[in-house]
């Protein structure tokens, strides 16, 4: 059974061009300091909230009532590919006539390959945290090679996709941003998500870090268009 921490009953933004609901799965293998959802990441916080997890059956009862009202389901986290029954969960969604979008950090390309082979994805979004050489510093895992494999799998899958990066002034300087652009070169869509310092970041020091100005983001987006087919900024 897939663990479900929360459900957003309607989103017009998460699944491009579709009306959808969003399922949040608990657990993540990354430790990005700027993460705003430590309750979906840290084992001790997940354990405290375990009694509040939503049964899979309850989710599918909800979904049954949304037939004809929703086009699809976004599955996000945490990191959904850590869920051992993810393939069967997505298959059940598809069997009920809904499209599936997956958000992933790309750390488990072997799972993505299975999902592509089973033709269970209608859209996929990869969070590109940093340039390959700087991945470990940010996420606290040596996963750069796996991210490269996942990126290539996604681009070769034939499934519509997007790459996106949350940009933090203290991390994504001009040199680092250029390295990221080299990494995502040729992507169909690449989005910048501006970091917003908030109380409750996974690493408290990030609460004193900064995002970029609107003018700076526009300039970064224009630069990105030299590397990717489409670039945009998301709030």
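The values are calculated or read from the model by the stated rules, or taken from the named source; none is laboratory data. What you are looking at is a predicted structure, and each value in this text was computed from that prediction instead of being measured. Using ideal geometry, Cβ is built from the backbone for each residue, glycine included, and neighbour counts are taken over all protein chains shown.
When we screen 142, 137, 152 for residues that are closer than 20 Å to residue 206 by Cβ and surrounded by fewer than 21 Cβ atoms within 10 Å (Cβ to Cβ), the only hit is 137.
Of the residues 69, 82, 13, 40, only one is closer than 23 Å to residue 163 by Cβ, loosely packed, with under 13 Cβ neighbours inside 10 Å and either out of contact with any helix residue (DSSP H, G or I) (no Cβ under 6 Å at 6 or more places or on another chain) or modelled with pLDDT under 95 (or both); which? Answer to the check: 13. Here residue 96 clears all of (1) crowded, with 17+ Cβ neighbours inside 10 Å; (2) touching a helix residue (DSSP H, G or I) at 6+ places or on another chain (Cβ under 9 Å) except the condition numbered (1). Would you pick out the residues in region 182-209 that are farther than 24 Å from residue 42 by Cβ and either part of a loop (DSSP other than H, G, I, E, B) or without any contact (Cβ under 8 Å) to a residue 40 or more places away in the chain (or both)? If the condition is that a residue be farther than 24 Å from residue 42 by Cβ and either part of a loop (DSSP other than H, G, I, E, B) or without any contact (Cβ under 8 Å) to a residue 40 or more places away in the chain (or both), then 184, 185, 186, 187, 188 are the ones that fit.
Scanning region 1-23 for residues that are assigned to a strand (DSSP E or B) and within 19 Å of residue 193 (Cα to Cα) returns 11, 22. Examine region 212-235 for a residue that is surrounded by fewer than 13 Cβ atoms within 10 Å (Cβ to Cβ), out of contact with any helix residue (DSSP H, G or I) (no Cβ under 9 Å at 6 or more places or on another chain), modelled with pLDDT under 95 and not in a strand (DSSP E or B), and state whether such a residue exists. Scanning region 212-235, I find at least one residue that is surrounded by fewer than 13 Cβ atoms within 10 Å (Cβ to Cβ), out of contact with any helix residue (DSSP H, G or I) (no Cβ under 9 Å at 6 or more places or on another chain), modelled with pLDDT under 95 and not in a strand (DSSP E or B), so the answer is yes.
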